[in-house]
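Chemist: One structure coming up, written as C-alpha coordinates, with questions to follow.
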Amino acid sequence: MQQTVHLTRPDDWHLHLRDGALLRQVAAVSARQFSRALAMPNLKPPLIRVEQALAYRQRILDSLPRGNGFSPYLSVYLTDKTPLQEVSVAAECPYVLGFKLYPAGATTHSGAGVTGLDKIYPILEAMEEHDLVLQVHGEVTDPEIDIFDREKVFIERELIPVVARFPRLRIVLEHITTQEGVDFVRGAPETVAGTLTPQHLLYNRNMLLTGGIRPHYYCLPVLKRETHRQALLSAAISGNPKFFLGTDSAPHLRQHKETDCGCAGCFSAPAALELYAEAFDQAGALDKLEAFASFHGADFYRLPRNSGKIVLRRSEWTMPTSYGGEAGEIVPLRAGETLRWRLSSYPEKP
Ligand code: NCD
Ligand code: ZN
(Lines give C-alpha, C1' and ligand atoms only; values in the text may rest on other atoms or scores of the structure.)
(Ligands and ions follow the chains in the order given, each with its own letter.)
Protein backbone atom coordinates (compact mmCIF):
# COMPACT_ATOMS: atom_id res chain seq x y z
CA MET A 1 0.00 0.00 0.00
CA GLN A 2 1.29 3.43 -0.95
CA GLN A 3 2.43 5.27 2.19
CA THR A 4 3.47 8.67 0.86
CA VAL A 5 2.48 11.04 -1.92
CA HIS A 6 4.92 13.68 -3.14
CA LEU A 7 3.37 16.73 -4.71
CA THR A 8 4.49 19.98 -6.21
CA ARG A 9 3.11 22.64 -3.86
CA PRO A 10 -0.60 22.98 -4.64
CA ASP A 11 -2.87 26.02 -5.00
CA ASP A 12 -6.47 26.63 -3.93
CA TRP A 13 -8.41 28.32 -6.73
CA HIS A 14 -11.54 29.07 -4.66
CA LEU A 15 -11.16 30.12 -1.04
CA HIS A 16 -13.03 32.28 1.48
CA LEU A 17 -10.57 33.98 3.81
CA ARG A 18 -13.05 36.47 5.34
CA ASP A 19 -11.80 39.68 6.93
CA GLY A 20 -10.75 41.21 10.26
CA ALA A 21 -10.38 38.85 13.21
CA LEU A 22 -11.71 35.87 11.26
CA LEU A 23 -9.16 36.46 8.50
CA ARG A 24 -6.38 36.56 11.08
CA GLN A 25 -7.70 33.31 12.50
CA VAL A 26 -7.96 31.32 9.26
CA ALA A 27 -5.37 32.68 6.81
CA ALA A 28 -2.43 30.71 8.19
CA VAL A 29 -4.44 27.49 8.04
CA SER A 30 -4.68 27.75 4.25
CA ALA A 31 -1.19 29.22 3.84
CA ARG A 32 0.25 26.09 5.47
CA GLN A 33 -1.25 23.91 2.75
CA PHE A 34 -1.26 26.07 -0.35
CA SER A 35 1.18 28.28 -2.17
CA ARG A 36 -1.44 30.49 -3.83
CA ALA A 37 -5.17 30.94 -3.52
CA LEU A 38 -7.93 32.78 -5.30
CA ALA A 39 -9.62 34.69 -2.48
CA MET A 40 -13.34 35.25 -2.89
CA PRO A 41 -14.73 38.79 -2.76
CA ASN A 42 -18.04 38.12 -0.92
CA LEU A 43 -17.05 40.17 2.11
CA LYS A 44 -19.31 42.57 3.94
CA PRO A 45 -19.32 44.93 2.07
CA PRO A 46 -18.33 43.01 -1.08
CA LEU A 47 -15.17 43.85 -3.04
CA ILE A 48 -16.77 45.49 -6.04
CA ARG A 49 -13.73 47.53 -7.10
CA VAL A 50 -10.19 46.50 -8.03
CA GLU A 51 -8.86 48.99 -5.51
CA GLN A 52 -10.82 47.30 -2.70
CA ALA A 53 -9.58 43.90 -3.82
CA LEU A 54 -5.97 45.07 -3.72
CA ALA A 55 -6.43 46.57 -0.25
CA TYR A 56 -7.88 43.23 0.85
CA ARG A 57 -4.86 41.45 -0.61
CA GLN A 58 -2.67 43.55 1.62
CA ARG A 59 -4.82 42.70 4.66
CA ILE A 60 -4.42 39.01 3.85
CA LEU A 61 -0.64 39.39 3.63
CA ASP A 62 -0.58 41.41 6.86
CA SER A 63 -2.45 38.63 8.65
CA LEU A 64 0.36 36.14 7.93
CA PRO A 65 3.88 35.92 9.32
CA ARG A 66 6.40 37.77 7.15
CA GLY A 67 8.20 35.69 4.56
CA ASN A 68 5.50 33.06 4.71
CA GLY A 69 5.49 32.77 0.91
CA PHE A 70 1.71 32.55 0.44
CA SER A 71 0.45 34.60 -2.47
CA PRO A 72 -3.24 35.53 -2.64
CA TYR A 73 -5.00 36.35 -5.93
CA LEU A 74 -8.31 38.13 -6.21
CA SER A 75 -11.57 38.06 -8.05
CA VAL A 76 -13.69 41.22 -8.11
CA TYR A 77 -17.40 40.98 -7.23
CA LEU A 78 -19.69 41.77 -10.16
CA THR A 79 -22.84 43.82 -9.65
CA ASP A 80 -25.43 45.09 -12.13
CA LYS A 81 -23.55 48.39 -12.00
CA THR A 82 -19.90 47.34 -12.32
CA PRO A 83 -18.35 50.17 -14.36
CA LEU A 84 -16.89 49.13 -17.69
CA GLN A 85 -13.55 50.80 -16.98
CA GLU A 86 -13.09 48.48 -13.99
CA VAL A 87 -12.28 45.72 -16.47
CA SER A 88 -9.26 47.48 -17.93
CA VAL A 89 -8.14 48.47 -14.42
CA ALA A 90 -8.33 44.79 -13.41
CA ALA A 91 -6.41 43.72 -16.50
CA GLU A 92 -3.48 45.87 -15.35
CA CYS A 93 -3.23 44.06 -12.00
CA PRO A 94 -1.35 40.77 -12.02
CA TYR A 95 -3.04 39.71 -8.77
CA VAL A 96 -6.57 40.16 -10.11
CA LEU A 97 -7.49 37.08 -12.11
CA GLY A 98 -11.04 37.95 -12.97
CA PHE A 99 -14.53 38.83 -11.83
CA LYS A 100 -16.90 36.74 -9.78
CA LEU A 101 -20.50 36.25 -10.80
CA TYR A 102 -22.81 35.70 -7.84
CA PRO A 103 -26.39 35.52 -9.02
CA ALA A 104 -28.10 37.89 -6.52
CA GLY A 105 -29.30 35.90 -3.54
CA ALA A 106 -27.65 32.59 -4.52
CA THR A 107 -25.40 32.24 -1.47
CA THR A 108 -23.67 33.91 1.50
CA HIS A 109 -23.28 37.68 0.98
CA SER A 110 -24.52 37.58 -2.60
CA GLY A 111 -27.27 40.18 -2.11
CA ALA A 112 -25.37 42.76 -4.19
CA GLY A 113 -24.77 40.25 -7.00
CA VAL A 114 -26.05 40.23 -10.56
CA THR A 115 -29.83 40.17 -11.07
CA GLY A 116 -29.73 39.22 -14.77
CA LEU A 117 -26.80 38.17 -16.93
CA ASP A 118 -27.90 40.46 -19.76
CA LYS A 119 -27.11 43.38 -17.43
CA ILE A 120 -23.41 42.53 -17.55
CA TYR A 121 -23.02 41.62 -21.23
CA PRO A 122 -20.88 44.74 -21.91
CA ILE A 123 -18.63 43.71 -18.99
CA LEU A 124 -18.32 40.17 -20.29
CA GLU A 125 -17.40 41.51 -23.71
CA ALA A 126 -14.69 43.69 -22.17
CA MET A 127 -13.44 40.76 -20.06
CA GLU A 128 -13.18 38.67 -23.22
CA GLU A 129 -11.13 41.46 -24.85
CA HIS A 130 -8.81 41.72 -21.84
CA ASP A 131 -8.60 37.98 -21.28
CA LEU A 132 -9.92 38.09 -17.72
CA VAL A 133 -11.57 35.00 -16.26
CA LEU A 134 -15.22 34.88 -15.18
CA GLN A 135 -15.59 32.89 -11.96
CA VAL A 136 -19.14 31.63 -11.64
CA HIS A 137 -21.35 30.55 -8.78
CA GLY A 138 -23.57 28.44 -11.00
CA GLU A 139 -27.01 28.30 -9.43
CA VAL A 140 -30.29 29.93 -10.41
CA THR A 141 -32.03 31.80 -7.63
CA ASP A 142 -35.57 31.16 -8.89
CA PRO A 143 -37.45 29.90 -5.80
CA GLU A 144 -39.65 27.78 -8.07
CA ILE A 145 -36.64 25.62 -8.93
CA ASP A 146 -35.85 22.78 -6.56
CA ILE A 147 -32.60 23.48 -4.71
CA PHE A 148 -31.09 20.22 -5.99
CA ASP A 149 -31.72 21.32 -9.61
CA ARG A 150 -30.42 24.87 -9.42
CA GLU A 151 -26.99 24.14 -10.89
CA LYS A 152 -28.39 22.14 -13.80
CA VAL A 153 -30.95 24.85 -14.61
CA PHE A 154 -28.32 27.59 -14.36
CA ILE A 155 -26.19 25.77 -16.93
CA GLU A 156 -29.12 25.40 -19.32
CA ARG A 157 -30.57 28.87 -18.90
CA GLU A 158 -27.51 31.03 -18.37
CA LEU A 159 -24.18 29.40 -18.98
CA ILE A 160 -24.73 27.72 -22.33
CA PRO A 161 -25.97 31.02 -23.88
CA VAL A 162 -23.00 32.93 -22.36
CA VAL A 163 -20.46 30.47 -23.78
CA ALA A 164 -22.13 30.73 -27.20
CA ARG A 165 -22.22 34.52 -27.11
CA PHE A 166 -18.68 35.03 -25.76
CA PRO A 167 -16.66 32.24 -27.33
CA ARG A 168 -13.29 33.61 -26.17
CA LEU A 169 -14.35 34.40 -22.60
CA ARG A 170 -12.57 32.14 -20.13
CA ILE A 171 -14.96 30.80 -17.52
CA VAL A 172 -14.55 28.71 -14.37
CA LEU A 173 -17.69 26.99 -13.16
CA GLU A 174 -16.84 26.92 -9.49
CA HIS A 175 -17.61 24.13 -7.04
CA ILE A 176 -19.31 21.82 -9.54
CA THR A 177 -21.75 19.51 -7.78
CA THR A 178 -23.61 17.59 -10.49
CA GLN A 179 -23.18 15.20 -13.39
CA GLU A 180 -24.64 17.97 -15.57
CA GLY A 181 -21.90 20.34 -14.38
CA VAL A 182 -19.23 17.80 -15.25
CA ASP A 183 -20.78 17.11 -18.66
CA PHE A 184 -21.05 20.81 -19.40
CA VAL A 185 -17.39 21.52 -18.59
CA ARG A 186 -16.19 18.43 -20.47
CA GLY A 187 -18.19 19.27 -23.56
CA ALA A 188 -17.49 23.01 -23.58
CA PRO A 189 -14.61 24.61 -25.47
CA GLU A 190 -11.17 24.88 -23.87
CA THR A 191 -12.08 28.28 -22.49
CA VAL A 192 -14.26 26.58 -19.84
CA ALA A 193 -12.97 24.82 -16.71
CA GLY A 194 -14.36 23.83 -13.32
CA THR A 195 -13.27 23.46 -9.70
CA LEU A 196 -14.20 20.67 -7.32
CA THR A 197 -14.39 20.81 -3.51
CA PRO A 198 -13.33 18.06 -1.10
CA GLN A 199 -16.81 17.78 0.42
CA HIS A 200 -18.50 17.19 -2.93
CA LEU A 201 -15.92 14.52 -3.82
CA LEU A 202 -16.32 12.71 -0.49
CA TYR A 203 -19.97 13.05 0.51
CA ASN A 204 -23.44 12.83 -0.88
CA ARG A 205 -26.54 14.53 0.48
CA ASN A 206 -27.24 11.76 2.99
CA MET A 207 -24.40 13.26 5.01
CA LEU A 208 -26.59 16.25 5.83
CA LEU A 209 -29.09 14.05 7.63
CA THR A 210 -27.04 11.19 9.06
CA GLY A 211 -28.26 10.51 12.59
CA GLY A 212 -29.64 14.04 12.80
CA ILE A 213 -29.19 17.36 11.05
CA ARG A 214 -25.50 18.12 10.36
CA PRO A 215 -25.05 21.86 9.80
CA HIS A 216 -21.28 21.64 9.31
CA TYR A 217 -21.83 19.65 6.11
CA TYR A 218 -24.17 22.30 4.73
CA CYS A 219 -22.70 24.40 1.95
CA LEU A 220 -23.91 25.85 -1.33
CA PRO A 221 -24.33 24.42 -3.83
CA VAL A 222 -25.72 21.81 -1.47
CA LEU A 223 -24.40 18.21 -1.52
CA LYS A 224 -26.15 16.10 -4.15
CA ARG A 225 -27.05 12.43 -4.53
CA GLU A 226 -24.44 9.66 -4.85
CA THR A 227 -24.55 9.40 -8.66
CA HIS A 228 -23.43 13.03 -8.84
CA ARG A 229 -20.62 12.48 -6.35
CA GLN A 230 -19.37 9.64 -8.51
CA ALA A 231 -19.44 11.83 -11.61
CA LEU A 232 -17.43 14.50 -9.80
CA LEU A 233 -14.88 12.00 -8.57
CA SER A 234 -14.39 10.53 -12.02
CA ALA A 235 -13.85 14.04 -13.41
CA ALA A 236 -11.30 14.81 -10.67
CA ILE A 237 -9.27 11.65 -11.29
CA SER A 238 -9.63 11.72 -15.08
CA GLY A 239 -6.49 13.75 -15.68
CA ASN A 240 -8.58 16.17 -17.74
CA PRO A 241 -6.92 19.58 -17.27
CA LYS A 242 -10.31 21.31 -17.20
CA PHE A 243 -10.86 20.12 -13.62
CA PHE A 244 -8.85 21.46 -10.73
CA LEU A 245 -8.73 22.11 -7.02
CA GLY A 246 -10.81 24.82 -5.36
CA THR A 247 -11.75 24.01 -1.77
CA ASP A 248 -14.49 26.60 -1.25
CA SER A 249 -13.42 26.46 2.40
CA ALA A 250 -15.93 28.90 3.92
CA PRO A 251 -15.56 29.40 7.68
CA HIS A 252 -18.50 30.61 9.77
CA LEU A 253 -18.53 30.90 13.54
CA ARG A 254 -20.15 27.95 15.32
CA GLN A 255 -23.13 30.03 16.47
CA HIS A 256 -23.87 31.07 12.88
CA LYS A 257 -23.95 27.43 11.73
CA GLU A 258 -25.75 25.85 14.69
CA THR A 259 -28.88 27.98 14.69
CA ASP A 260 -32.42 28.25 13.27
CA CYS A 261 -31.22 29.46 9.92
CA GLY A 262 -27.57 28.44 9.72
CA CYS A 263 -25.06 29.79 7.20
CA ALA A 264 -23.86 27.78 4.22
CA GLY A 265 -20.17 26.88 4.10
CA CYS A 266 -17.80 24.09 5.17
CA PHE A 267 -14.49 24.93 6.84
CA SER A 268 -12.29 22.40 5.09
CA ALA A 269 -9.03 24.38 5.17
CA PRO A 270 -7.38 22.57 8.14
CA ALA A 271 -7.24 19.30 6.17
CA ALA A 272 -8.10 20.28 2.64
CA LEU A 273 -5.32 18.33 0.95
CA GLU A 274 -5.75 15.34 3.23
CA LEU A 275 -9.44 15.23 2.31
CA TYR A 276 -8.68 15.33 -1.41
CA ALA A 277 -6.03 12.63 -0.87
CA GLU A 278 -8.64 10.47 0.83
CA ALA A 279 -11.03 10.85 -2.10
CA PHE A 280 -8.33 10.08 -4.69
CA ASP A 281 -7.05 7.17 -2.61
CA GLN A 282 -10.53 5.64 -2.33
CA ALA A 283 -10.72 5.81 -6.11
CA GLY A 284 -7.26 4.21 -6.48
CA ALA A 285 -5.99 7.34 -8.21
CA LEU A 286 -3.39 8.94 -5.94
CA ASP A 287 -1.17 9.27 -9.00
CA LYS A 288 -3.66 11.79 -10.42
CA LEU A 289 -3.68 14.06 -7.37
CA GLU A 290 -0.67 16.20 -8.24
CA ALA A 291 -1.93 17.40 -11.61
CA PHE A 292 -5.38 18.16 -10.17
CA ALA A 293 -4.00 20.00 -7.13
CA SER A 294 -0.88 21.65 -8.50
CA PHE A 295 -0.85 21.90 -12.31
CA HIS A 296 -4.27 22.24 -13.96
CA GLY A 297 -5.33 25.40 -12.13
CA ALA A 298 -2.03 27.20 -12.62
CA ASP A 299 -2.07 26.25 -16.30
CA PHE A 300 -5.64 27.49 -16.77
CA TYR A 301 -4.82 30.79 -15.06
CA ARG A 302 -1.59 30.99 -17.10
CA LEU A 303 0.59 31.25 -14.01
CA PRO A 304 3.82 29.34 -13.55
CA ARG A 305 3.56 26.03 -11.73
CA ASN A 306 4.95 26.12 -8.20
CA SER A 307 8.45 24.80 -7.62
CA GLY A 308 8.45 23.60 -3.98
CA LYS A 309 7.33 20.15 -2.90
CA ILE A 310 5.17 18.77 -0.11
CA VAL A 311 4.63 15.26 1.18
CA LEU A 312 1.44 13.55 2.33
CA ARG A 313 1.81 10.49 4.56
CA ARG A 314 -0.65 7.73 5.26
CA SER A 315 -1.11 8.31 8.97
CA GLU A 316 -4.22 8.53 11.12
CA TRP A 317 -4.98 11.62 13.16
CA THR A 318 -8.04 13.21 14.69
CA MET A 319 -9.43 16.49 13.48
CA PRO A 320 -9.88 18.91 16.41
CA THR A 321 -13.50 19.45 17.38
CA SER A 322 -13.10 23.18 16.85
CA TYR A 323 -10.63 25.92 15.98
CA GLY A 324 -10.79 28.70 18.53
CA GLY A 325 -9.30 32.17 18.20
CA GLU A 326 -9.78 35.88 18.20
CA ALA A 327 -13.07 35.79 16.28
CA GLY A 328 -14.60 32.79 18.06
CA GLU A 329 -15.03 29.09 17.49
CA ILE A 330 -15.14 27.45 14.06
CA VAL A 331 -16.08 23.82 13.62
CA PRO A 332 -14.06 22.22 10.82
CA LEU A 333 -15.26 19.62 8.36
CA ARG A 334 -14.78 16.14 9.93
CA ALA A 335 -14.55 17.62 13.45
CA GLY A 336 -13.50 14.99 15.99
CA GLU A 337 -13.17 12.31 13.32
CA THR A 338 -10.24 10.34 11.98
CA LEU A 339 -8.37 11.41 8.88
CA ARG A 340 -6.25 8.95 6.97
CA TRP A 341 -3.63 11.22 5.39
CA ARG A 342 -1.44 13.81 6.97
CA LEU A 343 0.52 16.63 5.42
CA SER A 344 4.21 16.88 6.36
CA SER A 345 5.59 20.34 5.95
CA TYR A 346 8.87 19.36 4.37
CA PRO A 347 9.87 16.85 1.77
CA GLU A 348 11.41 13.61 2.88
CA LYS A 349 15.16 13.20 2.52
CA PRO A 350 15.84 10.89 -0.42
C1 NCD B 1 -19.75 30.47 0.75
C2 NCD B 1 -19.53 31.49 1.90
O3 NCD B 1 -19.87 31.17 3.04
O4 NCD B 1 -18.98 32.56 1.64
N5 NCD B 1 -20.61 29.43 1.21
C6 NCD B 1 -20.72 28.19 0.71
O7 NCD B 1 -21.58 27.45 1.15
N8 NCD B 1 -19.93 27.76 -0.25
C9 NCD B 1 -20.26 31.18 -0.44
C10 NCD B 1 -20.22 30.35 -1.70
O11 NCD B 1 -19.16 30.10 -2.26
O12 NCD B 1 -21.29 29.92 -2.16
ZN1 ZN C 1 -17.33 29.81 -2.33
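Per-residue answers, yes or no, for (1) surrounded by fewer than 17 Cβ atoms within 10 Å (Cβ to Cβ); (2) within 16 Å of ligand 2 (Cβ to nearest atom); (3) without any contact (Cβ under 8 Å) to a residue 40 or more places away in the chain:
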position: Pro10; (1), (2), (3): no, no, no
position: Leu15; (1), (2), (3): no, yes, no
position: Val26; (1), (2), (3): no, yes, no
position: Phe34; (1), (2), (3): no, yes, no
position: Leu38; (1), (2), (3): no, yes, no
position: Leu43; (1), (2), (3): no, yes, no
position: Leu47; (1), (2), (3): no, yes, yes
position: Glu51; (1), (2), (3): yes, no, yes
position: Ala55; (1), (2), (3): yes, no, yes
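Chemist: With Ser249, Ser238 as the choices, which residue is near ligand 1 (Cβ under 10 Å from one of its atoms) and either of a type outside the set (Phe, Trp, Tyr) or on the phi > 0 side of the Ramachandran plot (or both)?
Modeler: Just one listed residue meets the conditions, Ser249.
Chemist: With Arg186, Arg165, Arg157, Arg205 as the choices, which residue is surrounded by fewer than 22 Cβ atoms within 10 Å (Cβ to Cβ), under 23 Å from Ala298 (Cβ atoms) and basic (Lys, Arg)?
Modeler: Every option except Arg186 fails the conditions.
Chemist: Closer than 26 Å to Ile155 by Cα, more than 16 Å from ligand 2 (Cβ to nearest atom), assigned to a loop (DSSP other than H, G, I, E, B) and within 18 Å of the chain's Cα centre (by Cα): is that true of Pro241 in this structure?
Modeler: So Pro241 fits the description; yes.
Yes/no per residue for (1) assigned to a loop (DSSP other than H, G, I, E, B); (2) surrounded by fewer than 15 Cβ atoms within 10 Å (Cβ to Cβ); (3) modelled with pLDDT of 95 or more:
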position	(1), (2), (3)
Glu290	no, no, yes
Ser294	no, no, yes
Gly297	no, no, yes
Pro304	yes, yes, yes
Leu312	no, no, yes
Ser315	no, yes, yes
Thr321	yes, yes, yes
Gly336	yes, yes, yes
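Chemist: Is there a residue in the stretch 82-99 that is within 15 Å of ligand 2 (Cβ to nearest atom), buried (at least 17 other Cβ atoms within 10 Å of the Cβ) and assigned to a loop (DSSP other than H, G, I, E, B)?
Modeler: no
Chemist: Which residues, taken from the stretch 283-302, are in contact with a Lys or Arg (Cβ under 8 Å, 6 or more places away or on another chain) and over 11 Å from Leu7 (Cβ atoms)?
Modeler: His296, Ala298, Asp299, Phe300
Chemist: Being away from ligand 2 (no atom under 16 Å from the Cβ), of a type in the set (S, T, N, Q) and under 18 Å from Leu97 (Cβ atoms) is the filter here; which residues of the stretch 138-196 pass it?
Modeler: The one that is away from ligand 2 (no atom under 16 Å from the Cβ), of a type in the set (S, T, N, Q) and under 18 Å from Leu97 (Cβ atoms): Thr191.
Chemist: Next up: If you scan the stretch 202-223, which residues turn out to be in contact with a Lys or Arg (Cβ under 6 Å, 6 or more places away or on another chain) and not in a helix (DSSP H, G or I)?
Modeler: Passing the criteria: Asn204, Leu223.
Chemist: Consider Thr259 carefully, then state whether it is within 15 Å of ligand 1 (Cβ to nearest atom), loosely packed, with under 15 Cβ neighbours inside 10 Å and over 16 Å from the mean Cα position of the chain (by Cα).
Modeler: When the stated conditions are applied, Thr259 passes them.
The values are calculated or read from the model by the stated rules, or taken from the named source; none is laboratory data. Here the structure is a predicted model, which is why all the values come from computation and not from measurement. All Cβ positions, even for glycine, are placed from backbone atoms using ideal geometry, and neighbour counts span all protein chains on display.
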